[in-house]
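Undergrad: Below you will find the structure I want to go over with you.
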Amino acid sequence: MDFFAGEVIYLNKPIKWTSFDLVNRFRYKLSRKLNVKKIKVGHAGTLDPLATGVMIICTGAATKRIEEFQYQTKEYIATLKLGETTPSFDLEKEIDAVYPTAHITKELTEETLKKFIGTIQQVPPIFSAVKVNGRRAYKYARKGRNIDLPTKTLVIDELELLDYSLPLIKIRVICSKGTYIRALARDIGEALQSGAHLVALERTRIGNVTLNMCMQAEEIDSFLDKIKL
């Protein structure tokens, strides 16, 4: 393998790691393997710290392919808790409001999910890396400032209810670049005339790269050890 000419590596991001943590870990271990101080390493498609799943890491000249991978369709398995919201739309922040769920049925949930299939408008989470006036939105959020985030046009190709166990529902989402599943959880909760937040998220596919093709973070050492330079 020639990591300077460019290699593409598939990794399964662990929970509570940032995407940068995983890239940093791989870059550090790769640099030691190659006995160099610096090598270009980047990733396609950021995952939130509480999410797991497919991450594509590119090295050397292959970093030019990052944009190509970012624009590929992504698939997620998400678990939502209905009846409760948080400021971050996931478990990063404490519950800030409680809503009724007695009116929600499996049939209503399935009909509601259908409304999100196709081209939709989505407002990103305030706790996100979206830039507003040159600053990341989460920096405003951490200071308690309310700002208006621009609406994004997205495409949801498929949205399937996998499990219904009120107050929890599990869904499979196939979507375009830039989709925030946390924001989708918020919008599904509102559409059900309740609230919702994300309690688990796994990215299972980017383009043709599926989870079963990905290396675990703890396998990086043994992977690099086997490579002959």
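Undergrad: Most exposed first by the Cβ proxy, i.e. fewest other Cβ within 10 Å, how do HIS43, HIS197, HIS103 rank?
TA: Values: HIS43 22, HIS197 25, HIS103 9.
With the sparsest Cβ surroundings first, the list reads HIS103, HIS43, HIS197.
Undergrad: Related question: Report the FRET efficiency, 1/(1 + (r/R0)^6), for LYS106 and ASP225, where r is their Cβ-Cβ distance and R0 is 35 Å, rounded to 0.05.
TA: Between LYS106 and ASP225 the formula returns 0.10.
Undergrad: Give me the distance between the Cα centres of the stretch 93-111 and the stretch 157-229, rounded to whole Å.
TA: After rounding, the separation between the Cα centres reads 20 Å.
Where a number appears in this text, it was derived from the coordinates with a stated rule and is not lab data. Note that the structure is a prediction, hence the values are computed from the model and not measured. Glycine also receives a Cβ, built like all others from the backbone with ideal geometry; neighbour counts cover every protein chain displayed.
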